[in-house]
Amino acid sequence: MKTFSSLNKDVDELLSLSRARQREIDKFIYFQLLSKIFKGNIRKTRHFSEWYRIPMNYVRLMELPLTIELLDLDTEQAILDISSPKLLPLYLAVSGFKNIIISDLLDYFVEDFQAFSEVFNISPKIDVFDAKNIPYNDKTFDRVFSVSVFEHIPDFGDIDAVREVARVIKPQGIFVLTLPAHKSYLEEWLKKHNFYWTGKTRDDGTIFYQRRYDEPSIQKRFGNLGFEIEDTIFIAEYPIKPPVLNENGMLLHNDFYIKKLWQLKVANKFPNAPLLPYLLYSSLSKKYHYLTRNSEDNNIRQVAIKLRRLPGN
């Protein structure tokens, strides 16, 4: 597979490459995933109702293809997935990446991926563990990626998890980490929540949800853990409305406002129409999303960090 260096690409070219990668993922969704999703054992999975209509939401439409582009992948590499959205590891496994381990903190996805493995005739290893204690030997993996996980680990758990990745990845191996971002560092502590993991609770009853990282916090938390920060790409959006913290303590941005648009309300009136909201999200992503390396941009919402393991211990 091609050698890819994001540092040699300006953000417009990187955006174009990510859009092209997104089209490849779309082909997988339209011609492989959707054609098999009606099989009896797939219909019983937890992912069925979600992937039938929205295999990737608005937020992930730039995050997932950008992750692939930054990983410099080869089908022979040993790859570890430590992610929340599971479409990306399934796409890679079906695309010929045989040495991939798909993991999460909880086992909600295990039975689903056993069904996917049978239907797609793939055999990824499926594992459940805490990212702060990865149960593999030192220098095991060529590539590791984590989408939308480490920001949710309270206290210094994100640092501990990155340090663990540094232990299990080979020298010169690449780790791509995606996180929520903001122009200035921000923590979201919620009064109410419906997420599936147990969060840290403060004396006032609010529960830790996630961090939003800025450039200084990225450097401070991840800059001396055995990796070189090779590239930092921010995913930004032209805002529908200026982002604000709501009364629950969550930052509201386009992902929230898009759900209020009349187009999505109309789409939701046809719950049996496959991929209808997804097609809307895809068009809105093309309208609003862009990439930048400018950490001072007021419109940044997410960040993809490419870390390369330094030689030595």
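Residues that are among the polar types (S, T, N, Q) and at pLDDT 95 or above within the stretch 141-178 comprise S146, Q172, T178, listed in sequence order.
Specify which of the listed residues (T201, T206) is in contact with a Lys or Arg (Cβ under 7 Å, 6 or more places away or on another chain) and of a type in the set (S, T, N, Q). That would be T206, the only listed residue that is in contact with a Lys or Arg (Cβ under 7 Å, 6 or more places away or on another chain) and of a type in the set (S, T, N, Q). On the given criteria, is D214 at pLDDT 95 or above and either buried (at least 19 other Cβ atoms within 10 Å of the Cβ) or not polar (S, T, N, Q) (or both)? When the stated conditions are applied, D214 passes them. Of the residues examined, R301 is one that is in contact with a His (Cβ under 7 Å, 6 or more places away or on another chain) and surrounded by 14 or more Cβ atoms within 10 Å (Cβ to Cβ). Restricted to the stretch 129-158, and to residues there that are crowded, with 20+ Cβ neighbours inside 10 Å and small (G, A, S), the residue that is farthest from I79 (Cα to Cα) is A131.
Would you please list the contacts, defined by Cβ atoms under 9 Å and residues six or more apart or on different chains, that run from a residue in the stretch 213-227 that is within 11 Å of I159 (Cα to Cα) to a residue that is among the acidic types (D, E)? Cβ pairs passing all conditions: R221/D158; F222/D158. The set of residues in the stretch 77-100 that are in contact with a Lys or Arg (Cβ under 8 Å, 6 or more places away or on another chain) and part of a loop (DSSP other than H, G, I, E, B) comprises Q77, A78, P85. Restricting I126, I68, I122, I29 to those that are in contact with a helix residue (DSSP H, G or I) (Cβ under 9 Å, 6 or more places away or on another chain), in contact (Cβ under 8 Å) with a residue 12 or more places away in the chain and either open to solvent by 60 Å² or more (accessible area, probe 1.4 Å) or part of a strand (DSSP E or B) (or both) reduces the list to I126. Among the residues of the stretch 97-114, is any surrounded by fewer than 19 Cβ atoms within 10 Å (Cβ to Cβ) and within 20 Å of D26 (Cα to Cα)? No, the conditions are met nowhere in the stretch 97-114. Annotation: of all residues in the stretch 180-189 being assigned to a strand (DSSP E or B) and within 14 Å of P216 (Cβ to Cβ), the one that is most open to solvent (accessible area, probe 1.4 Å) is L186.
Listed by first and then second residue, the pairs with beta-carbon distance under 6 Å, at least 6 apart or on different chains, first residue in the stretch 245-263 and farther than 22 Å from I207 by Cβ and hydrophobic (A, V, I, L, M, F, W, C), second open to solvent by less than 50 Å² (accessible area, probe 1.4 Å) and part of a loop (DSSP other than H, G, I, E, B), are I258/Y58.
Conditions tested, residue by residue: (1) out of contact with any Ser or Thr (no Cβ under 6 Å at 6 or more places or on another chain); (2) farther than 29 Å from Q32 by Cα; (3) in a helix (DSSP H, G or I).
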{"site": "Q263", "(1), (2), (3)": "yes, no, yes"}
{"site": "K269", "(1), (2), (3)": "yes, no, no"}
{"site": "P274", "(1), (2), (3)": "yes, no, no"}
{"site": "Y278", "(1), (2), (3)": "yes, no, yes"}
{"site": "D297", "(1), (2), (3)": "yes, yes, no"}
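Residues in the stretch 75-93 that are within 17 Å of R309 (Cα to Cα) and not aliphatic (A, V, I, L, M): Q77, D81.
The values are calculated or read from the model by the stated rules, or taken from the named source; none is laboratory data. No experiment lies behind these values; they were computed from the predicted model shown. In this analysis, Cβ positions are derived from the backbone assuming ideal geometry, glycine residues included, and neighbour counts consider all displayed protein chains. We work out accessible area using only protein heavy atoms, side chains counted, and drop any ligands, DNA or RNA first. Shrake-Rupley method; radii C 1.70, N 1.55, O 1.52, S 1.80 Å.
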